[in-house]
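To start, the structure under review is shown below, and the notes come after it.
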Amino acid sequence: MKRIFVLALVLYFPSSLFAKTGIGIQGGAKFSPSADADVGFNLRSEFSPWGIAASYNLKDKSIDLVLDNWWIYKKINSRLNWFALWGMSFSGKVENKSFAETGARLGMGLNVFCFENRCLEFYAHSAWNPSVGVYYDRDDEEYSLRFVPACFPLNAGVRFWL
C-alpha cells in the first residue's frame, strides 16, 4: 500500500509542475440580503478540475476564499465552453465586528479562449452559495449565529495561461 501511495505522489507532482496554469484577476457582486462587491485573483491548472479564488469584499472589508470543482466542462464551439461547478466558500474578518463563515456552492458559467494557443481566457459564472457563520461583536461582547440561504455571487475575470 505504501508503494502505491509513493508511486501516485511521484507521478502526480511532476506532471502538475509541467501543466499549464492560469493566473488571473476577477471582480464580482454578491446578491444576498445585503448586496456587495469584491475584487480578487484566481488560479486554475489544466491538470486539475479545481479552481481557487481569493477576493477582498469592498463592503465589509473581509477576505473571501473559494474552491470550485468544474465537474462538467463541455465545448459549445471551438473557443466557447460552458461548465457546471460545485465547491466551498470561506469568509472572514478580524476587527471589532468579526466573523467566520463557510458555505457550499453550486453554479454554472461560460469561458472563452481568445487565441489558438489558449494563452488568454475570459470567464463568467454564477452560483448558489448558502452559508452559515459565527459573528462576534467585541464592543458588546456578543456572539451570534447567522444562516444565509439565498446568496448568489456573480464573478467575471480574465486568466493568463503560462
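The values are calculated or read from the model by the stated rules, or taken from the named source; none is laboratory data. Model, not experiment: these values are computed from the prediction. In this analysis, Cβ positions are derived from the backbone assuming ideal geometry, glycine residues included, and neighbour counts consider all displayed protein chains. Only protein heavy atoms, including side chains, enter the accessible area calculation; ligands, DNA and RNA are left aside. Shrake-Rupley method; radii C 1.70, N 1.55, O 1.52, S 1.80 Å.
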Antiparallel content of DSSP bridges confined to segment 9-162, in %, to 5: 100 percent
Given (1) 0.99; (2) 2.00; (3) 1.20, the label whose value is Cα Rg over 2.2 N^0.38 Å derived from this model: (3)
Charge dipole (debye, nearest 20) of the chain; +1 at Cβ of Lys and Arg, -1 at Cβ of Asp and Glu: 920 debye
Surrounding net charge for residue 119, when Lys and Arg each add one and Asp and Glu each subtract one, Cβ distance under 10 Å: +1
Candidates 110, 145, 67: whichever shows maximal mean-square fluctuation once the chain is modelled as a Gaussian network with Cα springs under 10 Å: 145
Nonlocal Lys pairs with alpha-carbon distance under 18 Å, segment 24-162 (8 or more apart, or different chains): 7
Tilt relative to the chain, helix 2-18 - C-alpha long axis, 0 to 90 degrees, to 10: 90 degrees
The chain - accessible surface per residue (Å², probe 1.4 Å): 62 Å²
Contour minus Cα-Cα distance for residue 43 and residue 118 (0.36 nm per residue): 25.5 nm
Percentage relative contact order, the chain, counting C-alpha pairs under 8 Å, at least six apart: 21 percent
Pair residue 29, residue 63: separation of 7 Å Cα→Cβ label points (nm): 2.7 nm
Max mean-square fluctuation residue, GNM over the chain, Cα-Cα springs under 10 Å, options 90, 47, 122: 47
Potential lengthening between residue 143 and residue 86 on full extension [0.36 nm per residue; Cα-Cα distance subtracted]: 17.5 nm
The chain: most fluctuating residue of 34, 45, 91 per GNM, C-alpha cutoff 10 Å: 34
Potential lengthening between residue 76 and residue 136 on full extension [0.36 nm per residue; Cα-Cα distance subtracted]: 16.9 nm
Computed [θ] at 222 nm, deg cm²/dmol, the chain (DSSP H ≥ 4; -39,500 (n - 2.57); rounded to nearest 500): -3500 deg cm²/dmol
